[in-house]
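Q: Handing you this structure, nothing more for now.
The values are calculated or read from the model by the stated rules, or taken from the named source; none is laboratory data. None of these values were measured; they are calculated from a predicted model. Cβ coordinates were reconstructed from backbone atoms using ideal geometry, including for glycine residues, and neighbour counts include every protein chain displayed. We work out accessible area using only protein heavy atoms, side chains counted, and drop any ligands, DNA or RNA first. Shrake-Rupley method; radii C 1.70, N 1.55, O 1.52, S 1.80 Å.
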Amino acid sequence: MHELAICQALIEQIETIVHRHEASEAKRIELRIGPLSGVEPQLVEQAFPVASAGTVAADAVLVIDSLPVNVHCSRCGSTSSVLPNRLVCANCGDWHTTLLSGDELQLFRVELVAGTPDDKSTGTAPERASGRTVN
Amino acid sequence: MCDTCGCNVTPGNAELLKPGGKLSKTTGGHEAIGVLQGLLHENDHTAAHNREHFRKHGVLAVNLMSSPGAGKTSLLEATIEALKEELSMAVIEGDLETENDADRIRRHGVEAVQITTGSACHLDAHMVHEALHRLDLASLDIVFIENVGNLVCPASFDLGQQSNVTLLSVTEGDDKPAKYPVMFRASDLVLLSKSDLLPVLGDFSPDTARHHLQQLANPAPVYEVSARNGSGMKHWLHWLLHEMSQLEQQSGAIHPVVETAGPATCLVLP
C-alpha cells in the first residue's frame, strides 16, 4: 500500500544522484528489499512506472534483489536461514537470535548515462501529479 | 544505517564495489554508482531530526500502532485520565479523515494535533515534523503519536519516536504477530487490548500471542489491558514511567534536580 510513497522517495534520490554526477538519466536501478522490510517488491515494480514518469528514471530498468532472512543464535552461535515470521534458530530452536539479513530497504546501485540532464530531469508538475493519481 | 560512515558496506558487499570490482563497471559502458542508501533516506533524516527535538526537550515520544478499531484512542483517554495530574501530555493523531479522535482527546483537556493523511495509509516523519511545530515541546513530558490504524505500512516509517507500542485487541486473532511480523518485530511493547472481553470470547489465547511474538525473537513485554474497566492499566503506566526514566538517563541531566527538604515526590499509580 505504501509502495508508491517508497517509489517517490526513490525517484527523489535518483534525481539527486543524476544531478550530482552530471549525468543525463538513470539507465538501471538496483534495489535490495528484504522480506522483513515491510515492502512488497512486486508492488514496487508496479508503482515504479507511475512514480518515474517524466523523470530522469523514466526509461530505467528496475532490478530488485532480495536477501535471505538469516539469523545468528546467541545461544549455540550458529547462523541459519529462517522464515520471516519464525526467527528462531533453525539449529537449536532458541529464540534469542539477531537478524543478520532480510530487513534491507536499500538503493544499492545506479547506472547512469553520461551527459548533462535534459528536459527529462525537469518533468513538469502536472505530468507528475497526473502520474501519481493513476494508481 | 547511514551513508556517511560506511556502516552499510558489509564484508559481503564491499569487494563488489571497489574500483575494478564486479559491480563497478557496466557492460554498456555506463557509469555505475554504488549507493547503498536506505530507500527512505529522506524520511529517516527527518525522523532523526524529530528524535533530536524530542531528546532536547526530554520528551518521551511513543508511536502507537494497531489495526483500525483496536482501541488506541480509548487507551489514550484512559492514560490521560490516570496521568494528567502528574504529567503534561499531547497527542498527534493520524487518520485518513475527520478530527473525531483529536476531539475525543481534547475533551480530556490535552492538546491534540490531527493529521489527516487523505489516502495515505501511514504517518511519515515529515507529517510528524509539521505537527511538532504546532506543539510546545518545552512544556511536555510525553507525546503520543497515534498512527493510522494499519498493521502493515506504519511499520516501515521511522517517525523519530523513542518507543513503538502495538495494540492487539483480543477480538482479533492471537496469531497476528505471525501474520504481521514486520510490525510486531519492531514493537517495544505489545498491549492485548479490550482484555475485559476475554472471558466471553474464549478463542483468543494471550499465551499464543506471546508465543508468536517470541518466535519473532522479540523480547518485548506483553500486557493484557482494558481501558474500559482499568484492568492491567497499571502495567502499561509503569512501563511508560520506566521509559521516561530511561530517556532521562540517556539524555543526561535535562530536568534540573531540585533538592527539597521534604520527601521526594513520586507518582502514585491507580
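Q: Being open to solvent by less than 40 Å² (accessible area, probe 1.4 Å), of a type in the set (A, V, I, L, M, F, W, C) and outside any loop (DSSP other than H, G, I, E, B): is that true of A:A57 here?
A: Numbers: open to solvent by less than 40 Å² (accessible area, probe 1.4 Å): yes; of a type in the set (A, V, I, L, M, F, W, C): yes; outside any loop (DSSP other than H, G, I, E, B): no.
So A:A57 does not fit the description; no.
Q: Also, quick follow-up: Can you pull out the residues in the range A:4-15 that are facing chain B (nearest Cβ under 9 Å) and either acidic (D, E) or open to solvent by 20 Å² or more (accessible area, probe 1.4 Å) (or both)?
A: Hits for the range A:4-15 are A:A5, A:A9, A:E12.
Q: For the range B:133-148, which positions are closer than 21 Å to B:S245 by Cα, surrounded by fewer than 22 Cβ atoms within 10 Å (Cβ to Cβ) and of a type in the set (A, V, I, L, M, F, W, C)?
A: B:L137, B:A138, B:L140
Q: Checking A:V113 against (1) open to solvent by less than 80 Å² (accessible area, probe 1.4 Å); (2) touching a Lys or Arg at 6+ places or on another chain (Cβ under 7 Å); (3) at pLDDT 95 or above, which single condition isn't satisfied?
A: Of (1) open to solvent by less than 80 Å² (accessible area, probe 1.4 Å); (2) touching a Lys or Arg at 6+ places or on another chain (Cβ under 7 Å); (3) at pLDDT 95 or above, only one is false for A:V113: (3).
Q: Considering only helices (runs of 4 or more DSSP H) fully contained in the range B:170-224, which possess at least 1 residues that are more than 14 Å from chain A (Cβ to nearest Cβ) and surrounded by fewer than 20 Cβ atoms within 10 Å (Cβ to Cβ)?
A: Where helices (runs of 4 or more DSSP H) fall fully within the range B:170-224 and carry at least 1 residues being more than 14 Å from chain A (Cβ to nearest Cβ) and surrounded by fewer than 20 Cβ atoms within 10 Å (Cβ to Cβ), they are B:198-201, B:206-214.
Q: In addition: So which residues in the range A:26-47 are at pLDDT 95 or above, more than 29 Å from A:V71 (Cα to Cα) and open to solvent by 10 Å² or more (accessible area, probe 1.4 Å)?
A: Answer for the range A:26-47, where residues must be at pLDDT 95 or above, more than 29 Å from A:V71 (Cα to Cα) and open to solvent by 10 Å² or more (accessible area, probe 1.4 Å): A:K27, A:R28.
Q: Yes or no: B:G109 away from chain A (no Cβ under 14 Å) and more than 15 Å from the chain's Cα centre (by Cα)?
A: So B:G109 passes the test.
Q: Continuing with the same structure: On the basis of being under 26 Å from B:R210 (Cα atoms), open to solvent by 50 Å² or more (accessible area, probe 1.4 Å), modelled with pLDDT of 95 or more and within 14 Å of chain B (Cβ to nearest Cβ), does A:L87 make the cut?
A: Criteria not met by A:L87.
Q: In this structure, does B:L151 turn out to be open to solvent by less than 30 Å² (accessible area, probe 1.4 Å), in contact (Cβ under 8 Å) with a residue 40 or more places away in the chain and either away from chain A (no Cβ under 14 Å) or farther than 14 Å from B:P68 by Cα (or both)?
A: Numbers: open to solvent by less than 30 Å² (accessible area, probe 1.4 Å): yes; in contact (Cβ under 8 Å) with a residue 40 or more places away in the chain: yes; either away from chain A (no Cβ under 14 Å) or farther than 14 Å from B:P68 by Cα (or both): no.
No: the conditions fail for B:L151.
Q: Here is a further query. In this structure, does B:E130 turn out to be within 14 Å of chain A (Cβ to nearest Cβ), acidic (D, E), farther than 26 Å from B:R228 by Cβ and surrounded by fewer than 17 Cβ atoms within 10 Å (Cβ to Cβ)?
A: no
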